[in-house]
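In what follows, a single structure is set out as structure tokens and then discussed.
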Amino acid sequence: ENTDENGKIVKRNYYAPNFWLHAFATAKYKDITVQSLQVIPGEEYSRVINYIKDFANNHLGDLDDEYLQGLDGHLWLGTPLLNNTNDVATVATIIDQQYKGLAAQGVVAFMGHGNPDTYDTYKANVRYTQLEEALQAKNANYFVGTVDMPENYKENVLERMQEKGITSGKMNLFPLMSICGDHGHNDMAGEGDEYWDEEDEESEDNSWFEYFSHKGYTPESNLIGLLEVEAVRNVWLEHTKNPVALEDYYHSMYPEE
């Protein structure tokens, strides 16, 4: 048990990569691959990289240095879903195959997370824009917004929809996240007064469902995480099969280059 100075139990996230890595080292695993389940190589992905770098450098000083040296060339990282533009094209094709029937009936909008400008570590927010462009090349009814990327909030999605002449009608909302957790259930699909502030329509506390409902659309929430779509899941699995080595973690991670 972990307790503070008052003897109170301190809760920790033991599913974080550093705890898994420590356990693998204690068991003397000879090959270790860490697979990112992030969608873009953004701020949260940088944390995964730092966990691995700290582990490899034995930053707590409690692991066998000889063992860690033996991991050189055997410690790998599987990259996020939309790690490069080829991934964007692949995922766009999968999404269209999955939801083209819905897109033929009205808007299909995806809500990703995104990073604020100050946390857009690898300038990875561009992946959302690229994905929307790739999807709209297949059907103009696809849109991709976020909860945290500047100029790509729900009100920006609305503006882009209106520019295309889509001012009402059916919408299908999906989370563009590995799982449909708090953001999907609340920020996207939340229904009722607690998810709507009419005095500040663009408030981040207003859900996508309520926002678009109040803007004249008929949204339907689909609580399906990307990991629940087999073909998308297989993209992550392919990244596990083709991971990058420790010295390559920062290679080709800047989407604008």
Q.
Need the failing condition index for LEU82 against (1) part of a loop (DSSP other than H, G, I, E, B); (2) open to solvent by less than 10 Å² (accessible area, probe 1.4 Å); (3) touching a residue at least 60 places away in the same chain (Cβ under 8 Å), just the number.
A. (3)
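With within 30 Å of VAL144 (Cα to Cα) and among the charged types (D, E, K, R) as the only criterion, which of LYS30, LYS53, LYS8, LYS100 stands out?
On the way: LYS30 fails: within 30 Å of VAL144 (Cα to Cα); LYS53 fails: within 30 Å of VAL144 (Cα to Cα); LYS8 fails: within 30 Å of VAL144 (Cα to Cα).
Going through LYS30, LYS53, LYS8, LYS100 in turn, the sole match is LYS100.
If I filter region 64-79 down to residues being modelled with pLDDT of 90 or more, surrounded by fewer than 15 Cβ atoms within 10 Å (Cβ to Cβ) and not in a helix (DSSP H, G or I), which single residue comes out as nearest to the chain's Cα centre (by Cα)?
Just the residues of region 64-79 that are modelled with pLDDT of 90 or more, to begin with: 64-71, 74-79.
Next, from what is left, pick out any that are surrounded by fewer than 15 Cβ atoms within 10 Å (Cβ to Cβ): 64-67, 69-70, 74.
Pick out the ones that are also not in a helix (DSSP H, G or I) and you get 64, 74.
Values: ASP64: 34, HIS74: 26 Å.
Among those that are modelled with pLDDT of 90 or more, surrounded by fewer than 15 Cβ atoms within 10 Å (Cβ to Cβ) and not in a helix (DSSP H, G or I), it is HIS74.
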**Q.** Odd one out for GLY61 among (1) of a type outside the set (Asp, Glu); (2) part of a loop (DSSP other than H, G, I, E, B); (3) more than 18 Å from VAL229 (Cβ to Cβ); (4) in contact with a helix residue (DSSP H, G or I) (Cβ under 9 Å, 6 or more places away or on another chain)
**A.** (4)
Q. Condition test on ASN125, is it polar (S, T, N, Q) and within 16 Å of the chain's Cα centre (by Cα)?
A. yes
Q. When region 28-54 is examined, which residues are found to be among the hydrophobic types (A, V, I, L, M, F, W, C) and open to solvent by less than 60 Å² (accessible area, probe 1.4 Å)?
A. ILE32, VAL34, VAL39, ILE40, VAL48, ILE49, ILE52
**Q.** One residue from ASN50, ASN57, ASN83, ASN6 being over 30 Å from SER168 (Cβ atoms) and touching a Leu at 6+ places or on another chain (Cβ under 9 Å)
**A.** ASN57
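Can you confirm whether region 3-26 contains a residue that is open to solvent by less than 70 Å² (accessible area, probe 1.4 Å), of a type in the set (Asp, Glu) and touching a residue at least 40 places away in the same chain (Cβ under 8 Å)? Give the steps one after another, and end with the answer.
Restricting attention to region 3-26, the residues satisfying the condition of being open to solvent by less than 70 Å² (accessible area, probe 1.4 Å) are 4, 7, 10, 16-19, 21-25.
Subset that is of a type in the set (Asp, Glu): 4.
Retained after the next criterion (residues that are touching a residue at least 40 places away in the same chain (Cβ under 8 Å)): none.
Among the residues of region 3-26, not one is open to solvent by less than 70 Å² (accessible area, probe 1.4 Å), of a type in the set (Asp, Glu) and touching a residue at least 40 places away in the same chain (Cβ under 8 Å), which makes the answer no.
Quick check on my filter: what residues within region 31-58 are among the β-branched types (Val, Ile, Thr) and within 21 Å of GLU228 (Cβ to Cβ)? Full working, then the answer.
To start, the set of residues in region 31-58 that are among the β-branched types (Val, Ile, Thr) comprises 32-34, 39-40, 48-49, 52.
Those that are among the β-branched types (Val, Ile, Thr) and within 21 Å of GLU228 (Cβ to Cβ): VAL39, ILE40.
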Q) Looking at (1) without any contact (Cβ under 8 Å) to a residue 24 or more places away in the chain; (2) small (Gly, Ala, Ser); (3) not in a loop (DSSP other than H, G, I, E, B), which is the only condition ALA92 fails? A) (1)
**Q.** Matching residues in region 45-62 - criterion: being at negative phi and free of Cβ contacts under 8 Å to residues at least 60 places away in the same chain
**A.** ARG47, VAL48, ASN50, TYR51, ASP54, PHE55, ASN57, HIS59, LEU60, ASP62
Q) Among the residues of region 3-45, how many are at pLDDT 90 or above, under 17 Å from the mean Cα position of the chain (by Cα) and of a type outside the set (Asp, Glu)? A) 10
Q. Restricting region 217-238 to residues that are open to solvent by 30 Å² or more (accessible area, probe 1.4 Å), outside any helix (DSSP H, G or I) and not small (Gly, Ala, Ser), which is nearest to GLN98 (Cα to Cα)?
A. ILE224
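How do the helices (runs of 4 or more DSSP H) wholly within region 117-216 filter down when requiring 3 or more residues that are open to solvent by 10 Å² or more (accessible area, probe 1.4 Å) and either in contact with a His (Cβ under 9 Å, 6 or more places away or on another chain) or among the small types (Gly, Ala, Ser) (or both): which remain? Quick ask: steps written out before the conclusion?
Values: elements: 126-136, 154-163, 208-214.
Answer list for region 117-216: none.
The values are calculated or read from the model by the stated rules, or taken from the named source; none is laboratory data. What you see is a predicted model; the values in this text were computed from it and never measured. Methodologically, a virtual Cβ is constructed for each residue, glycine included, from the backbone with ideal geometry; neighbour enumeration extends over all protein chains shown. Protein only, heavy atoms only, side chains kept; ligands, DNA and RNA dropped before computing areas. Shrake-Rupley method; radii C 1.70, N 1.55, O 1.52, S 1.80 Å.
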